[in-house]
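No value in this document is a laboratory result; all are computed from the given coordinates. From a predicted model like this one, the values you see are computed outputs, not experimental measurements. Cβ: placed from backbone, ideal geometry, glycine included. Neighbour counts: every protein chain shown.
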Amino acid sequence: MQQFLALTSPGIEILLAQELKDLKAEQVVQKPEGVYFNSTIEHAYHICLYLRLATRVLLKLGEGDAANKEQLYTAAKSIAWSEAFSVDKTFAIDFVGTSDEIRNSQFGALTVKDAVVDHFRELNEERPSIDKSAPQISFQARLLRDKVAIYLDFSGRGLFKRGYRENTGAAPLKEHLAAAIITRSGWLDDTTKPLVDPMCGSGTVLIEAVLMAAGYAPGIDRVQWGFDYWLGHQSEDWKSAKSAAIEKSHVGLTQLKTKVFGIDLDSRVLKTAQQNAKNAGIQRFIEFSCKNASEMKNAFGPKGTILFNPPYGERIGELPELVECFALLGQKFKSHFINWRVAVLTANVELLAMMKMVSFKRYKFKNGPLDCQFAIYNLDEKQVASSNVNAEFEQKDSAFANRLLKNKKNLKSWLKQEQVQCYRLYDADIPEYNVAVDVYADHLVIHEYAAPAKIEPEKVAKRLQEVVYFAPKVLEVPTDKVVIKTRSKQKGKDQYQRVEQSKKSMVVDEYGAKLKVNLWDYLDTGLFLDHRKTRQIVAKKAKNKSLLNLFSYTGSVSLQAALHGASTVTTVDMSKTYLSWAEDNFLLNNLSGHKYQFIQADCLQWLKNNEQKFDVVFIDPPTFSNSKRMGESFDVQRDHVSLITDGLKSLAEGGELMFTNNKRNFKMDFDAISALGLNVQELSDKTRDKDFQRNKHIHNSWLFTRKAN
């Protein structure tokens, strides 16, 4: 009788322990690191062939003290390695665990490897070769509380890989986790009842379910095993165990009376699922259809199980459609699937609340690095009676929805009169809903501000989902045109950070100007909405005059000035990307020629060196920057006087300098400004348009002119 250790993912251990007991393993003991069991080698072959819930099975070779390197080496040296594998076979050592003396796995593995090599050398044999990527035989040393146990990787890595998956969807579910949620769902208690996966992806859940219902041994399709080159391998016993498993599995499929159903919106993924089912030899048991899960009808029969692993919205841009989908699914389940069971695995637990159902069981699992919950619902008469089946979330009950609707009505006449296409509708008006909602033509951008640490993450997520649910409904915007961005205070970085790289863009209109905006790739979109009036003020001042636009970003101020008839426009920014964007904006409006200059430079240094004079100078610096290319840090509160001083050097006689920033509680140094011989006029109120009247701190604006001599 030998001791083994079966490994699996967190949350599955208790199910694996029961599976091992059902397979007649002896002395099964569940521990945090895995499930220990005893078995003969002959029976261990049978166990490996049938295990569905394990990722690997290890055979214990020995153990010993390992408080330090010397003890670890001694323990490893005590193993009769030459009885485990031949010197002409490549090997690898995995090392798991650390201690005060053995602080990383690489050091531990190297120590064990030295013991293996020395063992063979002392037998006057050649040194065996190491192959970390594809060894012929593998071993694992596991360090726990200054003790090391050394194992043969008996099954080989990836025991969950069944061999039928040629391709997977974007977020594949590993087969052993699929088997775990099928087990937890309860469907295996009566596999004659229908099983439906409304978001089946590449079909893993359904394929595993059919194979489990048939009692099919997943190991019979596995080509390589960890014991293939083990000297203790009993090949005849292995052949016998495999032959028996093959015969029993084929009989199980022949006798199976099961029909399961897979639904997915993506036809390409469905083709993959169909091919995977064909590879598994069970395509006749699965009926696939291409449709939206929220539009499915119950044509499957009574009292079945709906089991699915939806997208988690890990990429925040997926949330709008997921939130709406879950709300619709809840209505669908309660109206069309009475007396059914619904089981959902998700890492986005807050999404479950959108279904308006009460779970009777929940289990914790890990899907790769993600913490997940598996929620099970019984759609009995009590569940259905406790909620209004046809009701969506009540808009009248949402403070956020009500405020959004109120703001929309307040801005309606202004929007029509001014023909404003891009505007802010909501800006954290209610502290509990800490977001900003911007409209860009037929798109919606929701900026989620970082919540205070004292607010529980679950509450934050729930409120965001309420925002994501109601915003498109109140504004009648399709969910695929809703973009979500998460903002936090930037420390030591420029605020214009790239978040994705979709390279998507759209063109919007502002007082006749065509402007390219990108709602997807950056935290900011390329158009500062709060500076709408600022752009018009600068543009009117620059008519028939020369304009210098510093820290120009995407050049929207420059563009409006050019369209208003500025004689020359010089646009300066350090970013090549934003300058190119600015040039795109000019081309969109058929503006080109020597009158328009675009200069990539550090604005601070450029100002110090510039000798050209301009009638209008516009400066809109970041609040803070320590960009490497600038060579020095910049703080608008600390450095604004020196920046304005340098700006004056580029200002022509009788010219005007406009200075803006968005630092909250910014304090202008009036004494220093007066010493520069300047008149100063605050324009903050005049540059805030109607949609930003609620936020008095959105930006600060000042106009400087030289005092008359």
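For the reader, a short list of remarks on this structure follows.
- Over 29 Å (Cα to Cα) - which of 132/366; 503/690; 541/690; 481/663; 257/356 fall in this group: 503/690; 481/663; 257/356
- Convex hull volume per residue for segment 395-487, taking Cα atoms only, in Å³: 90 Å³
- Label separation (residue 65 vs residue 680): 7.5 nm, computed from points 7 Å beyond Cα along the C-beta direction.
- Shape analysis of segment 110-161 places it in the oblate category; the axes a ≥ b ≥ c from the Cα gyration tensor give an a/c of at least 1.5, with a/b not above b/c.
- Helix 105-122 axis, angle to the chain major axis (alpha carbon atoms, nearest 10°): 40 degrees
- Here r is the Cβ-Cβ distance between residue 509 and residue 409 and R0 is 22 Å; the resulting FRET efficiency, rounded to 0.05, is 0.40.
- Folded to 0 to 90 degrees: helix 267-280 orientation relative to the chain principal axis, Cα: 10 degrees
- Length released on extending from residue 129 to residue 371, taking residue separation times 0.36 nm less the Cα-Cα span: 83.2 nm
- Overall, the chain carries a charge dipole of about 2020 debye about its Cα centre when +1 sits on the Cβ of Lys and Arg and -1 on the Cβ of Asp and Glu, all other atoms neutral.
- Taking the Kirkwood radius as Rh and the Cα radius of gyration as Rg, segment 2-153 has a ratio of Rg/Rh equal to 0.98.
- Low-density loop positions, GluC sites (Glu not before Pro), segment 92-190 - DSSP coil, at most 16 other Cβ in 10 Å: 101, 125, 126, 166
- Shape metrics for segment 71-196, restricted to C-alpha atoms - Rg then Dmax, Å: 20.0, 65
- Global form of segment 515-658, assessed from the alpha-carbon gyration tensor, a/c cut-off 1.5: oblate
- Loop-located trypsin sites (Lys or Arg not before Pro) across segment 117-193 with a Cβ neighbour count of 10 or fewer within 10 Å are 145, with loop assigned by DSSP.
- Mean sequence separation of contacting Cα pairs (under 8 Å, at least six apart), scaled by the length of the chain, corresponds to a relative contact order of 7 percent.
- Per the Kirkwood formula applied to alpha carbons, the chain shows a radius of gyration over Rh ratio, Rg over Rh, of 1.10.
- Between helix 532-541 and the chain there is an angle of about 30 degrees, using the helix long axis and the longest principal axis of the Cα atoms.
- Across segment 86-93, computed HN-Hα scalar couplings (Karplus, 6.51 cos²θ - 1.76 cosθ + 1.60, θ = phi - 60°) run 7, 5, 8, 9, 6, 9, 9, 10 Hz from first to last residue, x flagging Gly and Pro.
- Ellipticity estimate at 222 nm from DSSP helix runs (n ≥ 4, -39,500 (n - 2.57)) divided over the chain, nearest 500: -10000 deg cm²/dmol
- Radius 11 Å from Cβ of residue 550, net charge of other residues (Lys, Arg +1; Asp, Glu -1): -4
- Compared with the direct C-alpha span, the chain from residue 641 to residue 278 gains 123.4 nm at full extension, assuming 0.36 nm per residue.
- Separation of segment 417-477 and segment 521-593, taken as the distance between their Cα centroids, equals 28 angstrom.
- Full-stretch length increase - residue 459, residue 667 - with 0.36 nm per residue and alpha-carbon distance subtracted: 71.3 nm
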